[in-house]
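Okay, so here's the structure we're looking at.
The values are calculated or read from the model by the stated rules, or taken from the named source; none is laboratory data. Just so you know, these numbers come straight off a predicted model, no measurement behind them. Cβ atoms come from the backbone with ideal geometry, glycine included; neighbour counts cover every protein chain shown. Surface areas here come from the heavy atoms of the whole protein model, side chains and all, with no ligands, DNA or RNA. Shrake-Rupley method; radii C 1.70, N 1.55, O 1.52, S 1.80 Å.
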Amino acid sequence: MTTTAHAPALKHCLKCSTEKPLEDFARQAKAADGRHSYCRDCDRARRRADRAAAPHLAWEASYRQRAHAYGNAAIVESFTRQDLAARYGDACWYCGGPFEELDHNIPVAANGPHTLENCRPACSSCGRRDSHPAKVQKRRREAVIAAVRARQNAARAEASLAALLAGQPTARGR
């Protein structure tokens, strides 16, 4: 009685058109042969290209995971890298270096939303340093500006209400 070695089962990859062993294809229960139609290498290349074409989807997914880890509700407004660059420029918001990553002005840990208003372009060193002097200074300046605008709006509303109660025409009614 002779034993013969079994040849490994091969499958044809639809993307790269090569014959590869079944182990080079990820499992897929719904497929007839139980394996994906693309080999792992082609699937990795496709995923890499998808991530490079749409980094904002990775930003949103990362934000959702981090918000969940902190026990916060995820507040997500979808925007692209082009939207961010159009609003804040295509350089680091803090030091002017290259735009390499996204930085949340109000941190995710402090329940900061993932919105265009709360995100800034940052280089990798500024994005990882919360105590960066320029970052702290910009945040303080933005907080002061927001507080001044809120007071101005409240004063306008109060003046408008007082004029309305006195029967005088308001600035909008003129």
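Okay, here's what the table says:
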| quantity | calculated |
| --- | --- |
| Condition broken by P98, with the remaining ones in (1) within 17 Å of A61 (Cβ to Cβ); (2) more than 10 Å from the chain's Cα centre (by Cα) satisfied | (1) |
| Qualifying residue in segment 100-109 (condition: part of a loop (DSSP other than H, G, I, E, B) and crowded, with 19+ Cβ neighbours inside 10 Å) | no |
| A146 closer than 30 Å to A54 by Cβ, exposed (fewer than 11 other Cβ atoms within 10 Å of the Cβ) and at pLDDT below 85 | no |
| Yes/no for P98 being modelled with pLDDT of 85 or more and touching a helix residue (DSSP H, G or I) at 6+ places or on another chain (Cβ under 8 Å) | no |
| Residue, least open to solvent (accessible area, probe 1.4 Å), within segment 63-90, restricted to residues that are assigned to a helix (DSSP H, G or I) and in contact with a Pro (Cβ under 8 Å, 6 or more places away or on another chain) | L84 |
| Extreme residue, surrounded by the fewest Cβ atoms within 10 Å (Cβ to Cβ), among residues of segment 20-62 that are touching a residue at least 24 places away in the same chain (Cβ under 8 Å) and touching a Leu at 6+ places or on another chain (Cβ under 7 Å) | S37 |
| Enumeration of residues in segment 83-95 that are at pLDDT 90 or above, out of contact with any Cys (no Cβ under 7 Å at 6 or more places or on another chain) and not small (G, A, S) | D83, R87, Y88, D90 |
